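**Q** Sharing a structure, written as structure tokens. Questions coming.
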Amino acid sequence: MMNDNVLLKVDNLVQYFPIRRGVLQHTVGYVHAVDGISFEVHKGETLGLVGESGCGKTTTGRSILQLYKPTSGNVYFDGVNLVDLKGEKIRVLRRRIQMIFQDPYASLNPRMTVEEIISEPLLIHKIIDSSKTRDRVKELLELVRLNPAYIDRYPHEFSGGQRQRIGVARALALNPDLIVCDEPISALDVSVQAQIVNLLEDLQKEMGLTYLFIAHDLSVVRHISNRVAVMYLGVIMELADRDELYKNPLHPYTTALLSAVPIPDPEIEEKRKRIILEGDVPSPVNPPSGCRFRTRCPIAKEICAQERPAWREVKKGHFVACHFA
Amino acid sequence: MKATPERNLNNHSENGLSTESKEKLNLLKADVIATRKVGRLERIIGKETYRILKGLVTTPTSIIGLVLIALFVIIALAAPIIAPPIPGTNPYSMPRDGYSAQPKPPMSEWKSGTPPIPFWYTALTGREEWVHLMGTSSNAYDIFYGVVWGTRTALKTGVIIEIATLIIGILVGSISAYYGGVVDNIIMRIVDIFMTLPFILAALILAAVLMPVLGRSTLPSVIALIVFGWMSYARLIRGDILAVKERDYVLAARVIGVRNSKILFKHIIPNAIFPTLVMASMDIGTYVLNFAALSFLGIGTEVGYSDWGQILSFARDWITQLGTYWYIVVYPGITLILFVLGWNLLGDAVRDVMDPRIRKMQEASSSSES
């Protein structure tokens, strides 16, 4: 029986992409983008999902939204398994999960005005009368702190931060319960990043939203998240409450990541010892056996190559995948 | 969410402000409010189209191309006035002055079977007798009439072939890109096979085969050119659709829940179609040229039909004496050249107007990588 508080439950999600070669396009291998991850997102919280570029965070977000059909595993949204749904049923559920995209320049159709972009979800799901859409769009623009007078403009007439706000307005149009934020600020200027993050936080309070916040900037994730999951090469290594993770990281990868975050205090920075990982991230086409991190882990032993570490709840609410945690 | 009144900066109360402050306020407002005036036309047809049209009427090459095309359209429309046909006959069959095999030079008199004299000729020259303005070819066909009415033939066949190949190409390319997988593979291999065939040869053979079936008319050549002319559009639009399909805004439309067919027509095709249209705009000239080539080789229309290629074919008999009978080749030849030139210039201009924008769009969309 599902806990009432759990809005999204990802259960052993696997996403492999086939590599095809030759005239007949036969499959020669797979990109193991997501290799069995499980986590829950509770109502009203922000779950941060961090990791290096290429670790599979974006793929996770898209697989959850069924933009890619998962190779295996289940995604339960409010108790309903999204993987089984097709056609009309999933369209109805789409109203409750939305997405904010990373690239503000590519996520808006350049041939549509702001009004057309934001009103599209309203019209598709026939939420309001078509005569009232313009007013609703203006409301949404004000909600994301854009001047409603810009309603007839085209995306290329806006700055990156403004376009991202349009994307947020579009995501909010359907009044969703969960928003997957796929690196929404990575493409923006630092000052603009702060504005968007603050906007997202305010909206969460005002509208009771739940966020899955995918990012690679640890400082931002620390600011906005309630809980944080750390991902590496398609596998989640650690998941804990925000403060707990940043104070007591149990996984060697998390420790290394945290040591890489600069502290805005030059004296402390000078004295800090950084953990520098050796080697490169292995290719997801041929991931290391056993623990994915073992090729770069400072404490790796034989068992790490033989057995994949189990995803265990070591303390209350603190999960780790490591033999030595 | 309660509705808030539309923010209107002009509601700001200006009572009690000094003139200096009012000026400052106006300057500030001017900064904040939209600074570009958008005309009515632009609002109707959209910003993108407006920009393209504007570019087309301001680029010199484009203007020349447009003028040439306009000239030909006017000639085609005014054909009955410029070269009035004999009442009761098919205007497309070139009027014959007797049956002599000997071509007559330009400005030679019209002896028999004279069509009605056009009013502008009498007005310009004051003469009452019609002449062969461009001479006659062998078997006494009047070249002037052939050229004038041939404009109509050229435009008709060019436009028909253009539209048909575009529709077929876009359909095939869209289906291929939309379904992907095996369907895509099969269709593209068919396209490949078609493309390896030497174009003129294949069209020639098909037209020759169709002639006994369809009789002599414009149809055999038109059909042959359509059958072998759609492949480049299919390939082009398939590539563009595949590229656009991966863009974030298409993904966003799927997340919202837009149906696949609507995504294809509202998001993908409008963004993918422009390069294809650009290519198409240049091709009308080529189609007319190919049609003329087939006619020159004797395929297609009945003897005596107003068709530039056919007039040129009449010069075949006199190739050794083209010095004397230059007018059979020069008049239709120059007309053909100007026609193709006009369309090519227009196509070039369209491509130039489109290109920087396409490049900028591509740069912008790939600007952020993390």
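**Q** Within 10 Å of each Cβ in A:188-198, how many Cβ atoms from other chains are there, averaged over the peptide?
**A** The mean count of partner-chain Cβ atoms within 10 Å per residue comes to 0.
**Q** Can you give the mean number of other chain Cβ atoms that lie within 10 Å of the Cβ atoms in peptide A:111-123?
**A** The mean count of partner-chain Cβ atoms within 10 Å per residue comes to 3.
**Q** Among DSSP bridges having both ends in segment A:168-325, what percentage is antiparallel? Round to the nearest 5.
**A** 70
**Q** Considering only protein heavy atoms, with the full assembly of protein chains and a 1.4 angstrom probe, order B:ASP184, A:ASP129 by accessible area, largest first.
**A** A:ASP129, B:ASP184
**Q** Pop out the carbon and sulfur fraction of the accessible area of segment B:145-344 as a percent, whole number, probe 1.4 Å.
**A** Here it works out to 73 percent.
**Q** Sticking with this structure for a sec: Accessible area of B:PHE296, 1.4 Å probe, to the nearest 10 Å²?
**A** That residue has around 80 Å² of solvent-accessible surface.
**Q** Further question: Output wanted: per-residue J couplings in Hz (rounded whole) for segment B:313-325, from phi through Karplus 6.51 cos²θ - 1.76 cosθ + 1.60, θ = phi - 60°, x for Gly and Pro.
**A** Ordered by residue, 3J(HN,Hα) equals 5, 5, 6, 4, 5, 10, 4, 6, 10, 5, x, 7, 9 Hz.
**Q** Would you mind computing Rg(Cα) / (2.2 N^0.38 Å) for segment B:145-344, counting N as its residues?
**A** Ratio of Cα Rg to 2.2 N^0.38 Å: 1.24.
**Q** Rounded to the nearest 5, what % of DSSP beta bridges with both residues in the protein assembly as shown are antiparallel?
**A** 65
**Q** Taking amide hydrogens as modeled 1.01 Å from N in the peptide plane, which residues meet the under 5 Å criterion relative to A:THR46, leaving out close sequence neighbours?
**A** HN-HN under 5 Å from A:THR46: A:TYR211, A:ASN226, A:ARG227.
**Q** Then there is this: Determine by what factor the alpha-carbon radius of gyration of segment A:57-177 differs from 2.2 N^0.38 Å, reporting the quotient.
**A** Taking N as the residue count of segment A:57-177, the ratio is 1.13.
**Q** Can you list the aspartates and glutamates whose alpha carbon sits under 20 Å from that of A:LYS132, skipping same-chain ones fewer than 8 residues off?
**A** A:GLU115, A:GLU116, A:GLU120, A:GLU142, A:ASP152, B:GLU6
**Q** Something else: Of all beta bridges DSSP finds with both residues in chain A, what is the antiparallel percent, to the nearest 5?
**A** 60
**Q** List the residues, sorted by chain then number, that are 5 or more residues from A:TYR30 or on another chain and whose placed amide H is less than 5 Å from its amide H.
**A** Long-range HN contacts for A:TYR30: A:ILE19.
**Q** With a/c under 1.5 counting as rounded, go ahead and sort segment A:88-242 into rounded, prolate or oblate using the C-alpha gyration tensor (a ≥ b ≥ c being the square roots of the eigenvalues; past the cut-off, prolate if a/b is larger than b/c, else oblate).
**A** Here segment A:88-242 falls in the prolate category.
**Q** If we count every other residue with Cβ under 11 angstrom of A:LEU203's Cβ, Lys/Arg +1 and Asp/Glu -1, where does the sum land?
**A** Result for the neighbourhood of A:LEU203: 0.
**Q** Using a 10 Å cut-off on Cβ to Cβ distances, tally the other chain neighbours for every residue of A:30-43 and report the average as a whole number.
**A** Mean shielding count: 0.
**Q** Take the Cβ-Cβ distance between A:GLN25 and A:GLU307 as r, set R0 to 41 Å, and report the resulting FRET efficiency rounded to the nearest 0.05.
**A** 0.70
**Q** Further question: State which helices in chain A qualify, where a helix is a whole DSSP H run, it must extend 20 Å or more along its own axis by its Cα atoms, and its mean Kyte-Doolittle hydropathy must be at least -0.5.
**A** Result, helices passing both filters: A:190-207.
**Q** Let me know the Kirkwood hydrodynamic radius for segment B:62-195, please, with Cα pairs as the basis and the value in Å to one decimal.
**A** When all Cα pairs of segment B:62-195 are included, the Kirkwood radius is 18.2 Å.
**Q** What does the charge count near A:ARG292 come to, summing +1 for each Lys or Arg and -1 for each Asp or Glu among other residues with Cβ under 11 Å from its Cβ?
**A** Computed value for this residue: +2.
**Q** Roughly how many Å is it from the Cα centre of segment A:6-83 to that of segment A:201-251, as a whole number?
**A** Cα centroid of segment A:6-83 versus Cα centroid of segment A:201-251: 18 Å apart.
**Q** What percent does the relative contact order of chain A come to when contacts are Cα pairs within less than 8 Å and at least six residues apart?
**A** 20
**Q** Using a 1.4 angstrom probe on the protein heavy atoms only, line up B:MET282, B:MET188 by accessible area, largest first.
**A** Sorted descending by solvent-accessible area, the residues read B:MET282, B:MET188.
**Q** Given a cut-off of 25 Å, name the pairs among A:LYS57/A:LYS271; A:LYS9/A:LYS315; A:LYS86/B:LYS245; A:LYS69/A:LYS126; A:LYS9/A:LYS301; A:LYS69/A:LYS138 whose C-alpha atoms lie farther apart than that in the structure shown.
**A** Over 25 Å apart, Cα to Cα: A:LYS57/A:LYS271; A:LYS69/A:LYS126; A:LYS9/A:LYS301; A:LYS69/A:LYS138.
**Q** Roughly speaking, what % of Cα-Cα pairs in chain A are separated by over 31 Å, rounded to a whole number?
**A** The calculated P(r) of chain A puts 36 percent of pairs beyond 31 Å.
**Q** Let me ask something else. Given the C-alpha centroids of segment B:212-246 and segment B:128-172, what is the distance between them in whole angstrom?
**A** Answer, in whole Å: 21.
**Q** For A:ALA215, what charge total do you get from the other residues with a beta carbon under 11 Å from its beta carbon, if Lys and Arg give +1 and Asp and Glu give -1?
**A** After counting each charged neighbour, the total is -1.
**Q** Roughly to the nearest percent, how much of the accessible area of chain A is carbon and sulfur, given a 1.4 Å probe?
**A** Of all accessible area on chain A, carbon and sulfur atoms account for 50 percent.
**Q** Wrap a convex hull around the Cα atoms of the protein assembly as shown, take a quarter of its surface area, and give that in square nanometres.
**A** 46.2
**Q** On to the next question. For a quick check: with amide H placed at 1.01 Å from N, whose amide H comes under 5 Å from A:LEU7's, ignoring anything fewer than 5 positions away on the same chain?
**A** So A:LEU7 has HN proximity to A:VAL41, A:HIS42, A:LYS43.
**Q** So, one more: Could you tell me what fraction of 2.2 N^0.38 Å the Cα radius of gyration of segment A:48-95 comes to, as a two-decimal ratio?
**A** Its radius of gyration relative to the 2.2 N^0.38 Å reference: 1.24.
**Q** To the nearest 100 Å², how much accessible surface do chains A and B hide from each other in total, with a 1.4 Å probe?
**A** 3600
**Q** Mind giving me the FRET efficiency for B:ILE81 and A:ILE128? R0 is 35 Å, r the Cβ-Cβ distance, nearest 0.05 is fine.
**A** It comes to 0.05.
**Q** Can you compute 3J(HN,Hα) from phi for each residue in segment B:179-187, using the Karplus curve 6.51 cos²θ - 1.76 cosθ + 1.60 with θ = phi - 60°, rounded to whole Hz and x for Gly and Pro?
**A** Coupling constants for segment B:179-187: 7, x, x, 5, 4, 4, 4, 4, 4 Hz.
**Q** Using the Karplus curve 6.51 cos²θ - 1.76 cosθ + 1.60 with θ = phi - 60°, work out ³J(HN,Hα) for each residue of segment A:265-275 in order, rounded to whole Hz, and write x for Gly and Pro.
**A** Result, rounded to whole Hz: 8, x, 5, 5, 4, 4, 7, 5, 9, 9, 8.
**Q** Run through every distinct alpha carbon pair of segment A:13-124 and return the Kirkwood hydrodynamic radius in angstroms, one decimal place.
**A** Mean inverse Cα-Cα distance, inverted, gives 16.6 Å.
**Q** Another question, then. Hey, with R₀ at 51 Å, roughly what FRET efficiency would B:VAL57 and A:GLU244 work out to, going by the Cβ-Cβ distance, to 0.05?
**A** It comes to 0.15.
The values are calculated or read from the model by the stated rules, or taken from the named source; none is laboratory data. Values in this document were obtained by computation on a predicted structure and should not be read as measured data. In this analysis, Cβ positions are derived from the backbone assuming ideal geometry, glycine residues included, and neighbour counts consider all displayed protein chains. Accessible surface areas use protein heavy atoms only, side chains included; no ligands, DNA or RNA. Shrake-Rupley method; radii C 1.70, N 1.55, O 1.52, S 1.80 Å.
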